Amino acid sequence: MSASQLIQNLRNTRVAVVHPRDQDGDDLVRQLQRIGCQVQVVWPPPSQLPLPLDAVFFLLDRDTRSSMPWRMADLAIAHIAIVDYENPTVLKALLDSSAHGVLVRPIRASGVLSSLVLALSQRGYEGRLLAKITKLEDTLRTRRDVEKATRLLMGLRNLSEDDAYQFLRKQATAKRVPIGTIAGSIINAHAMLAELDRDGEPDK
């Protein structure tokens, strides 16, 4: 999503506020509502967030920093930490929380929108990186399977490397499936036959 689209869609942003209903909490909720966000207030800190959400603002202090397992687990949501002060302990907890943004109490209305937009942008960037990593891992896994299946066919059918690879391609085309699926089937079938051969051997 582009920056302009992100800003235009703010009115559809679903936000949870994990913060006591005190002055700071109420000020934050009012500002988010002025922006047009759909806001839910949750307190005390839940073990799970009330999904679906796009972002969560959460209080990070000595009492709550260990009670929110979703902070690091749910990267599909933008996380904005709320802190009282800055010292080495709080900064370490902030880094451990994997937050995409931070607000410092007392909360000022002027910083809420910027923090939300930057956090949503950062979360989107992380999501795109994770998608690319997953695609690269799938590509490498497929390549390894194709190479292994090619070697198996070369040994079993006495084929050249090119002929074995072309056999895989033709099978994939005929069955209208990815070549990695054919390669995986060959690898699994070979492993199953090898296991049957081992089970059929007489006890020594």
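The values are calculated or read from the model by the stated rules, or taken from the named source; none is laboratory data. This is a predicted model, so every value here is computed, not measured. In this analysis, Cβ positions are derived from the backbone assuming ideal geometry, glycine residues included, and neighbour counts consider all displayed protein chains. Accessible surface is based on the protein model in full, side chains and every heavy atom, while ligands, DNA and RNA are left aside. Shrake-Rupley method; radii C 1.70, N 1.55, O 1.52, S 1.80 Å.
Residue under question is residue 95, and the condition is that it be open to solvent by 40 Å² or more (accessible area, probe 1.4 Å), at pLDDT below 90, under 19 Å from the mean Cα position of the chain (by Cα) and farther than 18 Å from residue 48 by Cβ; does it hold? Yes; evaluated as a whole, the condition is true for this residue.
Restricting 120, 103, 130, 91 to residues that are out of contact with any Pro (no Cβ under 7 Å at 6 or more places or on another chain), without any contact (Cβ under 8 Å) to a residue 24 or more places away in the chain and of a type in the set (A, V, I, L, M, F, W, C) narrows the list to 91. The number of residues in segment 5-36 that are modelled with pLDDT under 90, open to solvent by less than 70 Å² (accessible area, probe 1.4 Å) and more than 16 Å from residue 77 (Cα to Cα) comes to 2.
Select from segment 157-172 the residues that are part of a helix (DSSP H, G or I) and among the hydrophobic types (A, V, I, L, M, F, W, C) and write down the one among them that is most open to solvent (accessible area, probe 1.4 Å). Among those residues, the one meeting the criterion is 167. Restricting attention to segment 104-154 and to residues that are outside any helix (DSSP H, G or I) and open to solvent by less than 90 Å² (accessible area, probe 1.4 Å), the residue that is nearest to residue 179 (Cα to Cα) turns out to be 104. The set of residues in segment 176-189 being open to solvent by 40 Å² or more (accessible area, probe 1.4 Å) and within 12 Å of residue 145 (Cβ to Cβ) consists of 178, 179, 181, 185, 188.
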